Amino acid sequence: MSPSGFSAEERAAMKQRSEELRSTKGLKGAAKQARELEACIEAIDGLEGTDHAVAIMLHRIMTDEAPQLAPKTWYGFPSYAKDGTVIVFYQQASKFKTRYGTVNFSDEATLGEGAMWATSFAVVDVTAEVEQELRALVRKATQ
């Protein structure tokens with residue numbers, strides 16, 4: 001932990017976010033979308049093992065089920081946004097050296113029902129069942 005109170009991983013994520021913002025500065029429309037898609041694909045390609053497999057699966061699901069969301073990166077995470085606001089992102093296990101990666105939904109996602117609901121889902125393997133469940137969640141979150 002540094003004097004700022006942030007871990008080395010957290011400081012690296014903040015630096016990465018700053019770079020993401022710089023990389024699209026001055027770009028608009030299709031040029032900005034193309035750069036953000038490129039960054040998302042690069043982030044996915046930079047992953048290994050289960051993180052890579054999950055990120056590829058999530059990208060395929062997002063392309064099929066929520067093409068209205070734009071791929072981008074957010075703190076280095078492969079993410080999908082509506083009007084610039086991240087709705088879904090994959091937090092890879094390798095980023096913070098955790099036991100598993102998670103598919104996460106922001107407060108802008110329409111998952112909420114009742115007094116409590118999940119917004120983060122641990123994914124430890126890519127299976128047909130996992131893909132089916134994520135597809136249903138993405139459809140619900142983006143209606």
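In table form, for the structure just shown:
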read-out	value
Neighbours by Cβ (under 9 Å, 6+ apart or cross-chain): first from region 11-29, charged (D, E, K, R) and surrounded by 12 or more Cβ atoms within 10 Å (Cβ to Cβ); second assigned to a helix (DSSP H, G or I) and modelled with pLDDT of 70 or more	Glu20/Glu36; Glu20/Ala39
Members of region 107-143 that are out of contact with any Phe, Trp or Tyr (no Cβ under 7 Å at 6 or more places or on another chain) and of a type in the set (S, T, N, Q)	Thr110, Ser120, Thr127, Gln132, Thr142, Gln143
Counted residues, region 122-143 - those being under 22 Å from Lys82 (Cα atoms) and among the β-branched types (Val, Ile, Thr)	2
Checking Ser106 against (1) hydroxyl-bearing (Ser, Thr, Tyr); (2) within 18 Å of Cys40 (Cβ to Cβ); (3) touching a helix residue (DSSP H, G or I) at 6+ places or on another chain (Cβ under 8 Å), the condition it does not meet	(3)
Near pairs, Cβ below 7 angstrom, 6+ apart or cross-chain, from region 37-63 (crowded, with 19+ Cβ neighbours inside 10 Å) to any residue that is in a helix (DSSP H, G or I) and among the polar types (S, T, N, Q)	Ala39/Ser23; Leu47/Ser94; Asp51/Ser94
Qualifying residue in region 93-104 (condition: closer than 27 Å to Gly29 by Cβ and either in contact with a Ser or Thr (Cβ under 7 Å, 6 or more places away or on another chain) or outside any strand (DSSP E or B) (or both))	no
Residue tally, condition under 27 Å from Glu48 (Cβ atoms) and surrounded by 14 or more Cβ atoms within 10 Å (Cβ to Cβ), over region 111-130	5
Pairs where the first residue, in region 90-115, is on the phi > 0 side of the Ramachandran plot and the second is among the aliphatic types (A, V, I, L, M), C-beta under 8 Å, 6+ apart	none
So Gln91, is it crowded, with 19+ Cβ neighbours inside 10 Å, within 29 Å of Thr127 (Cβ to Cβ) and not β-branched (Val, Ile, Thr)	yes
Meets criteria (among the basic types (Lys, Arg), surrounded by 12 or more Cβ atoms within 10 Å (Cβ to Cβ) and within 26 Å of Gln16 (Cα to Cα)) for Lys140	no
Set Pro71, Pro67: member being in contact with a strand residue (DSSP E or B) (Cβ under 7 Å, 6 or more places away or on another chain) and without any contact (Cβ under 8 Å) to a residue 40 or more places away in the chain	Pro71
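Condition check ((1) at pLDDT 95 or above; (2) under 13 Å from the mean Cα position of the chain (by Cα); (3) more than 29 Å from Phe6 (Cβ to Cβ)) across all residues:
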{"site": "Arg60", "(1), (2), (3)": "yes, yes, yes"}
{"site": "Gln68", "(1), (2), (3)": "yes, no, yes"}
{"site": "Phe89", "(1), (2), (3)": "yes, yes, no"}
{"site": "Thr102", "(1), (2), (3)": "yes, yes, no"}
{"site": "Phe121", "(1), (2), (3)": "yes, yes, no"}
{"site": "Glu129", "(1), (2), (3)": "yes, no, yes"}
{"site": "Leu137", "(1), (2), (3)": "yes, no, yes"}
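The values are calculated or read from the model by the stated rules, or taken from the named source; none is laboratory data. All values derive from a computational prediction rather than experimental measurement. Ideal geometry is used to build each Cβ from the backbone, glycine not excepted, and the neighbour counts take in all protein chains shown.
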